[in-house]
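First the structure, in the form of C-alpha cells, and then the observations on it.
The values are calculated or read from the model by the stated rules, or taken from the named source; none is laboratory data. The structure presented is a predicted model; accordingly, all values stated were derived computationally and were not measured. Here Cβ is always computed from backbone atoms with ideal geometry, including for glycine, and neighbour counts include all displayed protein chains.
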Amino acid sequence: MRCVGVRLWVVLCVVVGLSLPTSATLWAADPPKPAEATTPPPEPEKRGILGDRFSLDAGLKIWVAKWQPAGFVNGINSTRTSDTTPMLGPSVTGTFRLRNEETFNALSVNFTWLQAGGFNFTPFGYNNGGSGPPIDNTTALRRDYSIVAALSIWRGFGFFAGYYNMQQRFNSTYPGAITGPAHETVYISGPLIGFFGSGTVAGPLKAYGNLAIGFYDEKSNNNPSNTVQTTAKGVQGYSSEFGLSLDGPSLKTGAGSIGSALQVGFRAQVINVNANGLANNDVTWGPTFQVIARF
C-alpha cells in the first residue's frame, strides 16, 4: 500500500507539472506575506497634567456669610448680627497618592484664604430705653485663612490638622451717651484638628463633609495703650462644612487632562470667647460655593 501511494503522488506531480506554463517554477515556495502591522498597547491615561500620583485642585471659594462677632463695650454684651456678606478667595489643594489601596492611600495639603470687604451690623441696642438713637453704627472688614494637612485613612475618609487665623477690623460710631472704641482690631488664631469624609452618591455626584475643633488665642488692641494684647487664651472653636460636589467636563491636552468641579455646601463656625470673665460667642454661618479646576 505504501508503494502505491508513492506512485500516485509521482504521477500527480508530473501531470501538474506538465499543465503549468514553462516559465513556472515547480515547487516554488509561496511568496512571504507582509508582516502584519502591530499596534502598540495604549498608554494609560493620566489623571491630570501633573501625572498619576500628584494632583492639584485650584478653586475660587465663596462663603455667603452672616456673622455675629463676640464683643463687649463697657461691660455690655455687644453681640450684633451682620448683613449677608460674601467672603471669597482662593482655595488650593495638592494631593499625593501614596498607593493604590483603600487604606492610607493619599496625603493632601489645603490652603484657603477668604476675605470680605465690609460687614454691616445691626446696633447692639438703642439709647433712652430703646426709643433713642442706636448705641452704635458698626462695620467690619474680615479675613480668614487656614492651612491644613490631611491623611486619607480609608477610601475618602481621614483626619486633618492645621492652623487657622482670623483678623477682624471694626469701625464704629456711637451717636448716644454710650461710647466705645472707634477702631478695633481682633486676631483669633491657633491649631485645629478634625476629620473629613467624601463618597460617591451617583455618577459624577459626590457628597463631602468635615468637622473640626480648634484651640485659639484672641488678641485685641481694645485697651488704653491701643497695642495688640492677648485677651483670651485657649478658647475652643468648632467648625463644620458639608455639601455636594459635581464633576464637570474635562479638557484633554497633550500633557494630560484638566478637570473641573462645582461644590455647593453649608458652613458654620462657633468660637467660644471668654474674655475677662465674660463669655461670648463668635458665630458665622451660611452657604458655600466653589468652582474648581483640577490639574
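Within the set of pairs 6+ apart or on separate chains, which have a first residue in segment 102-125 that is in contact (Cβ under 8 Å) with a residue 40 or more places away in the chain, a second that is in a loop (DSSP other than H, G, I, E, B) and among the hydrophobic types (A, V, I, L, M, F, W, C), and C-beta atoms under 9 Å apart?
Here the result reads 104/98; 105/98; 106/98; 107/98; 123/135; 124/135; 125/135; 125/178, each pair linking segment 102-125 to a residue that is in a loop (DSSP other than H, G, I, E, B) and among the hydrophobic types (A, V, I, L, M, F, W, C).
Could you look through segment 245-286, keep only residues that are assigned to a strand (DSSP E or B) and without any contact (Cβ under 8 Å) to a residue 12 or more places away in the chain, and pick out the one that is farthest from residue 121 (Cα to Cα)?
252
Which residues, taken from segment 222-243, are farther than 21 Å from residue 286 by Cβ and within 31 Å of the chain's Cα centre (by Cα)?
232, 233, 234, 235, 236
Looking at (1) more than 21 Å from residue 114 (Cα to Cα); (2) surrounded by 14 or more Cβ atoms within 10 Å (Cβ to Cβ); (3) free of Cβ contacts under 8 Å to residues at least 60 places away in the same chain; (4) polar (S, T, N, Q), which one does residue 230 not meet, given that it meets all the others?
Unmet for residue 230, out of (1) more than 21 Å from residue 114 (Cα to Cα); (2) surrounded by 14 or more Cβ atoms within 10 Å (Cβ to Cβ); (3) free of Cβ contacts under 8 Å to residues at least 60 places away in the same chain; (4) polar (S, T, N, Q): (2).
Among the listed residues 228, 235, which satisfies the condition of being under 22 Å from residue 67 (Cα atoms) and either modelled with pLDDT of 95 or more or of a type in the set (A, V, I, L, M, F, W, C) (or both)?
Of 228, 235, the one residue that is under 22 Å from residue 67 (Cα atoms) and either modelled with pLDDT of 95 or more or of a type in the set (A, V, I, L, M, F, W, C) (or both) is 235.
Looking at residue 289 and the list (1) outside any strand (DSSP E or B); (2) in contact (Cβ under 8 Å) with a residue 60 or more places away in the chain, which single condition is not satisfied?
(1)
Go through the residues of segment 211-233 one by one and say whether even a single one is hydrophobic (A, V, I, L, M, F, W, C), in contact with a Phe, Trp or Tyr (Cβ under 8 Å, 6 or more places away or on another chain) and within 21 Å of residue 59 (Cβ to Cβ).
Among the residues of segment 211-233, at least one is hydrophobic (A, V, I, L, M, F, W, C), in contact with a Phe, Trp or Tyr (Cβ under 8 Å, 6 or more places away or on another chain) and within 21 Å of residue 59 (Cβ to Cβ), which makes the answer yes.
Given 214, 234, which one is in contact with a Pro (Cβ under 8 Å, 6 or more places away or on another chain) and assigned to a strand (DSSP E or B)?
The match here is 214.
For segment 80-117, what are the residues that are farther than 30 Å from residue 134 by Cα, assigned to a strand (DSSP E or B) and either among the aromatic types (Phe, Trp, Tyr) or over 19 Å from the mean Cα position of the chain (by Cα) (or both)?
96, 103, 104, 111, 113
Based on this model, can you work out whether residue 192 counts as surrounded by fewer than 17 Cβ atoms within 10 Å (Cβ to Cβ), in contact with a strand residue (DSSP E or B) (Cβ under 9 Å, 6 or more places away or on another chain) and in contact (Cβ under 8 Å) with a residue 24 or more places away in the chain?
When the stated conditions are applied, residue 192 does not pass them.
Give 262, 251 a once-over and let me know the one that is touching a Ser or Thr at 6+ places or on another chain (Cβ under 9 Å) and over 26 Å from residue 285 (Cα atoms).
After ruling out the rest, the residue left standing is 251.
Could you look through segment 125-150, keep only residues that are at pLDDT 75 or above, closer than 17 Å to residue 181 by Cβ and not charged (D, E, K, R), and pick out the one that is surrounded by the most Cβ atoms within 10 Å (Cβ to Cβ)?
138
For segment 126-152, how many residues meet the condition of being in a strand (DSSP E or B) and either in contact (Cβ under 8 Å) with a residue 60 or more places away in the chain or closer than 30 Å to residue 174 by Cα (or both)?
The qualifying residues number 10.
Looking at residue 173, is it surrounded by fewer than 20 Cβ atoms within 10 Å (Cβ to Cβ), modelled with pLDDT under 90 and either touching a Phe, Trp or Tyr at 6+ places or on another chain (Cβ under 9 Å) or among the hydroxyl-bearing types (Ser, Thr, Tyr) (or both)?
Yes; evaluated as a whole, the condition is true for this residue.
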